[in-house]
1. Which pairs have Cβ atoms under 6 Å, sit 6 or more apart or on different chains, and link a residue in the stretch 92-108 that is closer than 18 Å to TRP180 by Cα to one that is hydrophobic (A, V, I, L, M, F, W, C)?
2. Counting only residues that are in contact (Cβ under 8 Å) with a residue 24 or more places away in the chain, touching a Ser or Thr at 6+ places or on another chain (Cβ under 6 Å) and part of a helix (DSSP H, G or I), which one in the stretch 126-173 is nearest to GLU222 (Cα to Cα)?
3. Taking the stretch 303-344 as the search range and keeping residues that are in contact with an Asp or Glu (Cβ under 7 Å, 6 or more places away or on another chain) and among the polar types (S, T, N, Q), which one is farthest from TRP81 (Cα to Cα)?
4. Going through the stretch 300-336 one residue at a time, which ones are within 30 Å of ALA174 (Cα to Cα) and of a type in the set (Ser, Thr, Tyr)?
5. Residues in the stretch 179-186: is at least one in a loop (DSSP other than H, G, I, E, B) and more than 15 Å from the chain's Cα centre (by Cα)?
6. Can you confirm whether THR325 is crowded, with 16+ Cβ neighbours inside 10 Å and within 25 Å of HIS187 (Cβ to Cβ)?
7. Considering each of TRP77, TRP81 in turn, give the residue that is closer than 24 Å to ASN278 by Cβ, out of contact with any Lys or Arg (no Cβ under 6 Å at 6 or more places or on another chain) and in contact (Cβ under 8 Å) with a residue 24 or more places away in the chain.
8. Picking from LEU165, LEU137, LEU242, LEU155, which residue would you name as being in contact with a Leu (Cβ under 8 Å, 6 or more places away or on another chain) and surrounded by 21 or more Cβ atoms within 10 Å (Cβ to Cβ)?
Amino acid sequence: MNIRDEALNQLEQFGENNLGLYATERNFDYGPQKRTNTSNLSKYITHRVIDEEEVIQSAYKKFSFKKIEKFIQEVLWRTYWKGWLEMRPQVWRDYTKDVLALAGEKQKQPYQDAINGKTSISCFNDWTKELQEYGYLHNHTRMWFASIWVFTLNLPWQLGADFFLRYLKDGDAASNTLSWRWVAGLHTKGKHYLASEWNINKFSSKKYNNLKLNENAGCCIENKNYEIIPLQFENINYENSLMLFHNLDFSFALKYQTILQCNHYGMINFNSILQEHNYAKNVLELKSKINQNLQTLIKEKYNSEIIIHNKEELNKIIKEKNISTIILPYLTTGYENDFISTMKNEINIKYLTRDYDKFCWPFATKGYFAFKEQIPKIIAKFL
């Protein structure tokens, strides 16, 4: 089964069997062998093997808005995080600088104990091993994990976010970075998230005693205010152009085939970039699988076998094909975008943005509750 059919099958199975109970069951972590109360779609949505519109439309075919409201809100959290960070890219730049500056902390025992599941906190150790084995943690567990990392183990939130991003199959720069900042009390200043033993034992299938968590910690503090940079969506000139699809927006190649007017088509493989940032083997294997499926799709739909892995290969194809413009499905903030941005002064590179993103992202100027008020408009636009 190809990756697209795999995702659509999971979407259908969830809608038929588990969507109706999502609102009441979603906060419980029943462990990696029983994920029936979650959609198990996140790794597909992260890579847009299926996109947010498809997921929302599919849910609406099953139930009324009232029944699926919580699920729709969770899908749109990802959209909100994306838009918020696109308008504040300095947050990502500061985070990546901090990760580099904190490299020495990774050699110290507290960090090593944390990432190897050897702390004095049994639940945290279990989750560390689960993350590394499965490339996934329940959302509620991610909150507990981040809170313990920051407030009980007293480790830098940046290194926790880095650990998650490298090991989560659904790892997304915006959702991950900003969720860790939210837990630490930096996203919504003065409001942090503290894990508690009673809450863990209520919502986790495995019960833990005598955890000795810091349940009274204060917020993390930073003396920074991030300016909103207005979104600018580029006009595209298709003359002498090469469209490079990528695995962070797999379905773009399907959805926009009839309107694309490029002279040449191909794909760019970012795995070597992610290897430099020590992404986990199972994460890279998933991305390789998506790349392989994308390669097949491009060959079938666009009759092309062009694959780019690095700057040298890109420059070579530009010269061979007399390319004036490189076009990519919009790359949001992250290591892949960082790589492309290093070439924008030398190569004419443009991002083509989905209508969904153009419409939704501008609503992400404030907190999620302000964004949530716009959900009826979003639903009306894309249903």
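1. LEU102/LEU159
2. If we take residues in the stretch 126-173 being in contact (Cβ under 8 Å) with a residue 24 or more places away in the chain, touching a Ser or Thr at 6+ places or on another chain (Cβ under 6 Å) and part of a helix (DSSP H, G or I), then ALA161 is nearest to GLU222 (Cα to Cα).
3. Within the stretch 303-344, the match that is farthest from TRP81 (Cα to Cα) is SER324.
4. Selection gives THR325, TYR330, THR332, THR333, TYR335.
5. yes
6. Here the answer is no, as THR325 does not meet what is asked.
7. Answer to the selection: TRP81.
8. Criteria check complete, one pass: LEU137.
FYI, it's all coordinate maths here, none of it is from the lab. Predicted model only: the values in this text are computed from it and were never measured. Because the Cβ atoms are built from the backbone with ideal geometry, glycine has one as well, and the counts that use them run over all protein chains shown.
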